[in-house]
1. Would you point out which residue out of D:Ala109, D:Ala22 is surrounded by fewer than 24 Cβ atoms within 10 Å (Cβ to Cβ) and in a helix (DSSP H, G or I)?
2. Out of everything in the stretch C:139-161 that is free of Cβ contacts under 8 Å to residues at least 24 places away in the same chain and either more than 23 Å from the chain's Cα centre (by Cα) or not in a helix (DSSP H, G or I) (or both), what residue ends up being surrounded by the most Cβ atoms within 10 Å (Cβ to Cβ)?
3. Read through the list (1) within 10 Å of chain B (Cβ to nearest Cβ); (2) among the small types (Gly, Ala, Ser); (3) closer than 30 Å to A:Phe108 by Cβ, then give the number of the only condition that C:Ala192 fails.
4. Name the single residue that is nearest to the other protein chains (Cβ to nearest Cβ) among those in the stretch B:144-159 being assigned to a loop (DSSP other than H, G, I, E, B) and surrounded by 24 or more Cβ atoms within 10 Å (Cβ to Cβ).
5. For B:Leu207, state whether it is in contact with a strand residue (DSSP E or B) (Cβ under 9 Å, 6 or more places away or on another chain), within 22 Å of B:Met55 (Cα to Cα) and aliphatic (A, V, I, L, M).
6. I'd like the full set of residues that are under 18 Å from C:Glu272 (Cα atoms), within 7 Å of another protein chain (Cβ to nearest Cβ) and not polar (S, T, N, Q), limited to the stretch D:93-119.
7. Consider C:Gly136 carefully, then state whether it is in contact (Cβ under 8 Å) with a residue 24 or more places away in the chain and within 14 Å of chain B (Cβ to nearest Cβ).
Amino acid sequence: MSEQSLLEIRGLEVVFDGFKALGGVDLTVAAGELRFLIGPNGAGKTTLIDVITGLTRPAAGTVRFAGTELAGRPEHKIVRLGIGRTFQTSVVFEELTVVENLDLAAGFRRPLPTLLRQRRGVSDEVAAALDTIGLGDLADRPAGVLSHGQRQWLEIGMLVAQRPRLLLLDEPVAGMSGDERERTGELLTEIARDHTVIVVEHDMEFLRRYASQVTVLHEGRVLVEGDVAAVQSDPRVQEVYLGRTREEAA
Amino acid sequence: MRKPFFRPLAVAALLPAALLTACGGESGDGANGGSGGNSGNTIKVGVLHSLSGTMAISEVTVKNSEMLAIEEINAKGGVLGKKLEAVTEDGASDWPTFAQKAQKLIKKDKVATVFGGWTSASRKAMLPVFERNKALLWYPVQYEGLESSPYIFYTGATTNQQIVPGLDYLKEKGKKKIYLVGSDYVFPRTANKIIKAYAKANGMEVLGEEYTPLGHTEYSTLVNKIGEAKPDAVFNTLNGDSNVAFFKQLKSAGFDAAKLPVMSVSIAEEEVKGIGVQNIAGQPVAWNYYQTTAGEQNAAFVKAFQAKHKGAVTSDPMEAGYNAVHLWAAAVTKAGSTDVEAVKKAAAGLSLDLPEGKVTIDGPTQHVHKTARIGVIQPDGLIKEVWSSKEPIKPDPYLKSYPWATGLS
Amino acid sequence: MSDRLRGYALFASISLLLLVVAPLALPAFRLDELAKYLCFAIAALGIGLAWGQGGMLTLGQGVFFGLGGYAMAMYLKLHDAGGDLPDFMVWSGVEHLPALWKPFGNVGIALAAVVAVSVAIAVVLGVLVFRQRVRGAYFAILTQALAAAFVILLVGQQGLTGGTNGLTNFYDVFGRDPEAEGTQRTLYFVTAIVLGVLYLGARQLVKSRFGRLLVAVRDGEDRVRFLGYNPATVKTVTFAISAAMAGLAGALFVPVVGIISPSLLGVVPSLELVVAVAVGGRYALAGAVLGAVVMNYAKTSFSEQWAGGWLYLEGALFILVMTLAPKGAVGLYEQARDALARRRGVPAPAPTAPQEVAA
Amino acid sequence: MTTLLNQLPIGLSIGAVLLLIALGLTFTFGQMGVINMAHGEFIMAGAYTAYLLQDWAGSQAVLVALPVAFAVAGALGWVLERTAIRHFYGRPLDTLLLTWGVSLVLQQAARDIFGAPNVQVVAPSWLTGRVEVLGGALPYARLFIMALALACVAGVWLYLDRSRQGRRMRAVVQNRELAAVSGVATGRVDQLTFFIGSGLAGVAGVALTLIGPVGPSLGTYYIVDAFLVVVAGGLGQLRGAVIAAVALGMLNSFAEFWTDASLAKVIVFAVVIGFLQVRPQGLFVLRSRALT
């Protein structure tokens, strides 16, 4: 076990009603790494993230985060250990303003009395997050009025405001326009500078531009692992993707 | 941007306050005038029954008979030369509402007296209101006894005029082993305490005592328990709709009146229809009055009531409500005033010929002397008297004159 | 900021209305009725918090109302009895004071129990159901069943609770005659002030970070977990606060009306409280208060005119509100205000459309 | 001991009543996510249908009333769905409150139309006997209710599993948008679902005339129990409803045998709460990956 490995997954199995969604996954992510997780539909990418964040219980295997076993812990306790995630369909609180959303995300570390007081002004970490995602102009608007892309950024901002050690992003650019992808890519690079990040992504173009280390999942197992170029040239990967979508395998 | 929290609140408080203020103006009552409802050309009397909710079924009939009595009195010129004016209120089958409406009748309408209530709970809720305000309530329903408020007149039976005669009848018929079934509230529990004391003193055996929640409709387990215990008779203090389920399920399990007599104290002519006569025909009930009770007074009462309410039956509580109005009117006439203390004084020992026969008010307890009657339900849904105490029984709400009942209260 | 100032001015003028104008203008007996409505308003405030803000549709609030009411009534009964058994125990055949009753002879314990018992039960229930993520319709039905079971239990334990009769006939309420006009006036003031204080407290809570968190839990309970909070705790705390409010309301109700009985606590009275909140406007605390006062006033005055009609009116009103104005009277008011503002050419504030979380 | 054994068929028969009253509810709840508080009043409508048919069908009214009550209650449900509920999909709590308003109106309407007192429905003579089972008497009326419950369950199962309409219905349950895109007229499916669910309440109402009161408050006596069955059985699962009804019936029967009727109700409630601790979504759950 290397000194700086932050997340260690060994022999992870997940079974849904007899269907094996994950069949013995091993994965190690080092501190400070930006790791992309790819694979065709049904490969088990989201399931893997669900297990790490406590949404799904594994049938077998271990998930260790900085030396702590995660399996069996409730979601909010895993978050408190320093793991944050986004979802494929962004879920922000539409009734609350952008700042309130961020403030909420930054809030769980605060002592109880603060929770019972009214928010006055904007705290440092919220201001920083707001700055990172560039939604300063919309700070006091309800999140319900945001566009799809803005919502995704807000989610990422909420993640940053949580000050996690490990970020899990589930398809952050799905459904985004070209400009929005660009902006998200920059955001990602910026965040990856001082965080460990795992990104689940379908979009190969996005992958090529921003990824360094890639893990390919297929039918619930790790198929290949390595840098972008090595993975792309791997015949097994091409086979898996060719059988499905031409343009993605190009 | 701040959400104005307070503006809706303004509406919240202004509206009802304004409405209430409007009401306050209309009533215009400041200090207690003490006129006792006797003002101008009419005397106001309160009629307070549940006109909505679960108890409305029963209480509306009593309200109707009380209104009939008021009309009869007015037709004969009223009381003290003044017409009676009924102020009707709805207790809504809710005991606190009874208390508040009683307060309204006394304080706002300043009625001379109130006729009302059915359940013990409603009476208990109203009792403090009448006692503190020194106002009069006439309560027309048989009840569990152990009460004698100086500001209530009880024109229904107390336990020694209904339960005890019911037991006397069962004993006379040689029913030694009895099973007690009741709804889970005050009247059945108190009644069953008396029954158990009576049984102990009279060589009868109580095989079981079961209570079901009000509105209970599943009696198969209870019927099974009764079948196992094999009693000679059941003493039934179930209330309301539960009676329908109980008798239907008892009958379909094979227990009819011949096989297992069930003595009921809360089933009158009105309830028989809903239970279905084929399920209950031949079963005994204990009351003080039936629609079939002989006598000119009753014939007139039934005729007058049916003239107003087509196809309606008359029952014991209805008759007791009707009596209450006539007794009060007679007491007022005798006292020459509607003043509460004067009426109370005049009422003591007052005697009147009423549908159930001669009714006398017992001064100390403010209950009435009543003849106990055991009836059997007929195939036509009416009840035929098969046994009676012959003489009116002196009311004894605390059962002081019964040696076996010592320690009950 | 002017909004805020205007808000305080309005609160002050309403306080004036309730504390000065109403007592002067209304006859004692109407004032007593208003006090009763204010008791219901306190319970409704709790529902507004739990349901409107927290999304927990509690159909068993009568249970907590009852717990508070019985705690208070037990003290008053024991005080009246002065060392003997309370009257109803005598005719229920109870010979010794049950152990459950003994602590309630002490006024301090009884008053503490008004809140503590409600809170304790709410916490136990909350921990049990919220931890298991029972929510939405399931929670609603469970609380409704709780109300049904509670009433059956109360009615069945006649020697302990007075059965269907409940507890009534109090002679002495903290040294005063409960039927005297002066006492009723004092009780009215106490109730109005308690309502005001609780309203301000609830409003502060809603505006606090906790209040924001509560709204977040209502709109996306599962998402909140991934912000590092345990929604079960947030919900349990809120549910307990609303239970405490209902308990206080019940405790005030007892001296105001002079009775507490199971008929006040069952499925239907609990639902009626929710109806009142919905009609007033569930998303604003003031809507809950408004609804409770207006609906109960309407019920009283309606049943004085046309007894059977109240059910039609209540049902129809409710159907109309749910279909046409789900945000209740407050929502209609806000709509009208925004429409007016638009006509004047002032841009309306961003619409806030709370969405219910599907079960 | 024989009496104790006799509690078995009694438990079954209580379970059958529970199943009958909960079946329609579980149908609409499961298929549409609608919590219909007016379900009790649809039961009442079924019972009054039997009462009215007596004038025409005499003592066989109960039998004749079964299909008629299904249609009458179903029509009531259809009207409710068309006029109000269809605006409420996805808001289960709002429908709960809305339908409660409807139930108030229906109760008062029954009071005004039929009068406040209970009415009587005469059971056909062939339902008045009883058989000896395990040393106790099991009335034909109870057997009839059990058979009826079984028939209703079988009918619903066949419908959902074997008919094309039923398959459409299940498609809408599993994915409303997808079904709509695939050409299923979801609006029509909703109407039909509500018609059937409410119709089943009408059938239950006819059966209940054999054992209980027939009056304006009839629905209120059964609604809470019906909901408990639905909750314990799981969101609209037919299997779950059947097992939960029988289990709660048995529990009720034995709890009442050893304690009393009041305590038995409290015990049943406690057990359901306890059970939800183990299975928070009831007996059977539809799996879903969606994050609410």
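1. Only one candidate qualifies: D:Ala109.
2. The extreme case among them is C:Gly156.
3. With (1) within 10 Å of chain B (Cβ to nearest Cβ); (2) among the small types (Gly, Ala, Ser); (3) closer than 30 Å to A:Phe108 by Cβ applied to C:Ala192, the lone miss is (3).
4. B:Gly145
5. The answer is no for B:Leu207.
6. D:Leu93, D:Asp94, D:Leu96, D:Leu97, D:Leu98, D:Trp100, D:Gly101, D:Val102, D:Leu104, D:Val105
7. For C:Gly136, the condition - in contact (Cβ under 8 Å) with a residue 24 or more places away in the chain and within 14 Å of chain B (Cβ to nearest Cβ) - is not met.
A quick yes/no check of all residues on (1) in contact with a strand residue (DSSP E or B) (Cβ under 6 Å, 6 or more places away or on another chain); (2) of a type in the set (Ser, Thr, Tyr); (3) in contact (Cβ under 8 Å) with a residue 40 or more places away in the chain; (4) within 12 Å of chain B (Cβ to nearest Cβ):
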residue: C:Gly247; (1), (2), (3), (4): no, no, yes, no
residue: C:Gly250; (1), (2), (3), (4): no, no, yes, yes
residue: C:Val257; (1), (2), (3), (4): no, no, yes, yes
residue: C:Val268; (1), (2), (3), (4): no, no, no, yes
residue: C:Arg282; (1), (2), (3), (4): no, no, yes, yes
residue: C:Val294; (1), (2), (3), (4): no, no, no, yes
residue: C:Tyr297; (1), (2), (3), (4): no, yes, yes, yes
residue: C:Gly309; (1), (2), (3), (4): no, no, no, yes
residue: C:Arg337; (1), (2), (3), (4): no, no, no, yes
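The values are calculated or read from the model by the stated rules, or taken from the named source; none is laboratory data. This structure is a prediction, so every number in the text was calculated from the model and none was measured. Every residue, glycine among them, receives a Cβ derived from its backbone with ideal geometry; neighbour counts consider all protein chains shown.
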